[in-house]
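Working notes, structure below.
The values are calculated or read from the model by the stated rules, or taken from the named source; none is laboratory data. Note that the coordinates shown come from a computational prediction; the quantities given were computed from them, not determined experimentally. Note that each Cβ is placed from the backbone with ideal geometry, even for glycine, and that neighbours are counted across all protein chains shown. With ligands, DNA and RNA removed, areas are computed over all heavy atoms of the protein, side chains included. Shrake-Rupley method; radii C 1.70, N 1.55, O 1.52, S 1.80 Å.
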Amino acid sequence: MRLQLKKAFSLLEILVVIVIIGILLTIGMGLNWNNLEKLKVKAVQEEITTFFDKIFLQVNASNYQNGLAYTEIELILQTGENQIWYTYQLENSDFLTWSFVGDFELMELMAEAETLQKAKVKYKPFTPACELLAWEKFIDQLIFSVYPRGRKKACFKLEKKYCKLQSVPCK
């Protein structure tokens, strides 16, 4: 009678294969980190653009929020924040305040080659224009950038004559 020995992988061989697979995955992920950063930027661009589009479309279609008439929507952008505060000024002098919180940090605010800490955007119902204010001074254009929890940033521009948010290339 013959004894048959079954061949199997040793523990050492299995560990070597696991280490090689780990190295290959690490190299593969390293090549894709750039793609992940681009996806983060694109997601934040979509998130912020959608928020501003919602506000822009609302003021051009109606002057009611939750059944209450409003006369103005004011947005406050402030560097170092991960949220944008917005307030509905109601016709009866009351106001409703909310914040749009995102997975980003507002890093730079620029107006006419001047760096700002805080800026306001005021929308009036039924008009595509808006008021842009920096330190209570009217400005024509506002450029801001956000970092979506990564190294790359997303940049945006608002102009007072047609106050619809635009994504712009970062400088």
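Descriptive notes on the structure:
- Annotation note: Cβ proximity below 8 Å between a residue of the range 157-171 that is within 14 Å of Ala111 (Cβ to Cβ) and a residue that is open to solvent by 90 Å² or more (accessible area, probe 1.4 Å) (sequence gap 6+ or interchain) occurs for Lys160/Phe138.
- Selection of first residues in the range 10-38 that are under 24 Å from Val146 (Cα atoms) and assigned to a helix (DSSP H, G or I) and of second residues that are at pLDDT 80 or above and open to solvent by less than 80 Å² (accessible area, probe 1.4 Å), restricted to Cβ pairs under 9 Å at least 6 apart or on distinct chains, gives the following pairs, ordered by first then second residue: Asn34/Lys152; Glu37/Pro148; Glu37/Lys152; Lys38/Lys152.
- Checked against the criteria, Ala129 does not count as in contact with a Ser or Thr (Cβ under 9 Å, 6 or more places away or on another chain) and hydrophobic (A, V, I, L, M, F, W, C).
- Unique match (being without any contact (Cβ under 8 Å) to a residue 40 or more places away in the chain, open to solvent by 70 Å² or more (accessible area, probe 1.4 Å) and over 15 Å from Glu159 (Cα atoms)) among Thr115, Thr87: Thr115
- Residue match in the range 118-140 (condition: polar (S, T, N, Q), under 20 Å from Cys170 (Cβ atoms) and out of contact with any Phe, Trp or Tyr (no Cβ under 7 Å at 6 or more places or on another chain)): no
- Of everything in the range 90-104 that is open to solvent by 70 Å² or more (accessible area, probe 1.4 Å) and under 19 Å from Ala154 (Cα atoms), the residue that is nearest to the chain's Cα centre (by Cα) is Asp103.
Residue-by-condition table, conditions (1) over 23 Å from Val168 (Cβ atoms); (2) charged (D, E, K, R):
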{"site": "Leu39", "(1), (2)": "no, no"}
{"site": "Phe52", "(1), (2)": "no, no"}
{"site": "Leu57", "(1), (2)": "no, no"}
{"site": "Asn66", "(1), (2)": "yes, no"}
{"site": "Thr79", "(1), (2)": "no, no"}
{"site": "Glu114", "(1), (2)": "no, yes"}
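- Of the residues making up the range 109-128, none is in contact with a helix residue (DSSP H, G or I) (Cβ under 7 Å, 6 or more places away or on another chain), under 13 Å from Leu77 (Cα atoms), of a type in the set (A, V, I, L, M) and part of a strand (DSSP E or B).
- Some residue of the range 113-131 being under 16 Å from Tyr147 (Cβ atoms), modelled with pLDDT under 95 and in contact with a Lys or Arg (Cβ under 7 Å, 6 or more places away or on another chain): no
- Within the range 31-72, the set of residues being open to solvent by less than 70 Å² (accessible area, probe 1.4 Å), farther than 16 Å from Pro125 by Cβ and of a type in the set (Ser, Thr, Tyr) comprises just one member, Thr49.
- Conditions (1) assigned to a strand (DSSP E or B); (2) open to solvent by 40 Å² or more (accessible area, probe 1.4 Å); (3) touching a residue at least 60 places away in the same chain (Cβ under 8 Å); (4) closer than 30 Å to Trp33 by Cβ: number failed by Arg149: (1)
- Candidate set: the range 118-141, residues that are on the phi < 0 side of the Ramachandran plot and touching a residue at least 60 places away in the same chain (Cβ under 8 Å); chosen: the one surrounded by the most Cβ atoms within 10 Å (Cβ to Cβ): Tyr123
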